[in-house]
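The values are calculated or read from the model by the stated rules, or taken from the named source; none is laboratory data. Since this is a predicted model, take the numbers as computed values, not measurements. Counting neighbours? That spans all protein chains shown, and the Cβs are built from the backbone with ideal geometry, glycine included. Just the protein is used for accessible areas: all its heavy atoms, side chains included, with ligands, DNA and RNA removed. Shrake-Rupley method; radii C 1.70, N 1.55, O 1.52, S 1.80 Å.
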Amino acid sequence: MRYLLMCTVVFLSLTSSYGQGFFNTEKIRNKDNMDKQRWSWGYFLGFNSYGFDLQYNKPATDIVVKNDIGFNVGLLGNLRINDYIDLRLEPGVVFANRTFTYTEIPEDNFRDIKSTYIHVPLLVKFSTKRLNNFKPFVVGGVSRSINLSSNETNPDDNRAGEFRMINDANYFELGFGIDFYLPYFKFTPSIRGVFGMTDELKRDKDPNSPYTGQIESMKSRGIFINFTFQ
């Protein structure tokens, strides 16, 4: 979380610095016809902090979740609806890492959960009127992911040291960002929250397993900070 806060501060500082310069009323408008195109394309790079929202069958605090910083990369397809609304598809790959610590299990009480997702959001972007060379926006929508390292079909479970998740999951997403119109391309930093709607836990064969028996649901929660180039 400390690293995520530092990254957010850097993000806000960068957007503030760009915004001060781009707000100048005498500045020449870059890429003036770019947003009039029906279709536009791009790519994004970024990082994430993925965690879990754990719900228990009974009051419990015996699982500690540690989130590490992950990496995102993908493509962007944007369909212009009008001057203020766009529909966009952002298929990409997300690398995430989380660690479970089971405080009530004396031995073998760590699980390092490394996930590689094929992540496909379908989003609606609501923009303000362009102000010289920048334009703020909010974005929201739904997404679906395939966890390539879910371990779902592995016959072994936590008794053999194998933590398992399901392959597919659904999410809803909400965020904001700013389009900056540079002389040769459009640069867009954005922050987006990702909220799981699917229980992603593949439970152990033993219903009383100390690793999964007490968990009612395990849904992903994450923050994406992306930098898009169009």
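May I ask for the angle, rounded to the nearest 10°, between helix 2-22 and the longest principal axis of the chain, with both axes built from Cα atoms and the value confined to 0 to 90°? It works out to around 10 degrees. Each Cα pair under 8 Å and six or more residues apart adds its separation to the average, and for the chain the resulting relative contact order is 21 percent.
Computed from backbone phi with θ = phi - 60° and the Karplus coefficients 6.51, -1.76 and 1.60, the 3J(HN,Hα) list for the stretch 107-124 is 10, 6, 10, 10, 9, 8, 9, 9, 10, 10, 9, 8, 10, 10, x, 10, 10, 10 Hz; x is used for glycine and proline. Evaluated with a Cβ-only charge set (Lys, Arg +1; Asp, Glu -1), the stretch 148-230 carries a dipole of roughly 280 debye about its Cα centre, given to the nearest 20. Label reach from ASN109 (point 7 Å along Cα→C-beta): in the stretch 50-75, amide nitrogens under 12 Å belong to 62-64.
When the C-alpha to C-alpha distance is required to be over 27 Å, the pairs from LYS125/LYS219; LYS66/LYS125; LYS58/LYS205; LYS114/LYS135; LYS125/LYS202; LYS114/LYS219 that qualify are LYS66/LYS125; LYS114/LYS135; LYS125/LYS202.
With +1 assigned to the C-beta of every Lys and Arg and -1 to the C-beta of every Asp and Glu, and no other charges, what is the dipole magnitude of the stretch 54-146 about the Cα centre in debye, to the nearest 20?
660
With the highest mean first, a sort of the peptides 138-149, 218-229 on other beta-carbon atoms found within 10 angstrom per residue produces 218-229, 138-149.
Ignoring ligands, DNA and RNA, what accessible area per residue does the chain give at 1.4 Å, in Å²?
On the way: 12050 Å² over 230 residues.
Averaged over the residues of the chain, the accessible area is 52 Å².
Report the calculated FRET efficiency for ALA160 and VAL93 (r = Cβ-Cβ distance, R0 = 30 Å), to the nearest 0.05. It comes to 0.60. Summing Cβ point charges (Lys, Arg +1; Asp, Glu -1) relative to the Cα centre of the chain gives a dipole of roughly 1200 debye.
Within the set of other residues whose C-beta is less than 13 Å from the C-beta of LYS125, count the net charge using Lys and Arg as +1 and Asp and Glu as -1. Summing Lys/Arg as +1 and Asp/Glu as -1 gives -1.
Each of PHE185, LEU87, PHE47 was placed along the dipole of the chain (beta-carbon charges, centred on the mean Cα), and the one lying farthest toward the positive end is PHE185. Subtracting the Cα-Cα distance of ILE28 and GLU152 from their residue separation scaled by 0.36 nm leaves 39.2 nm.
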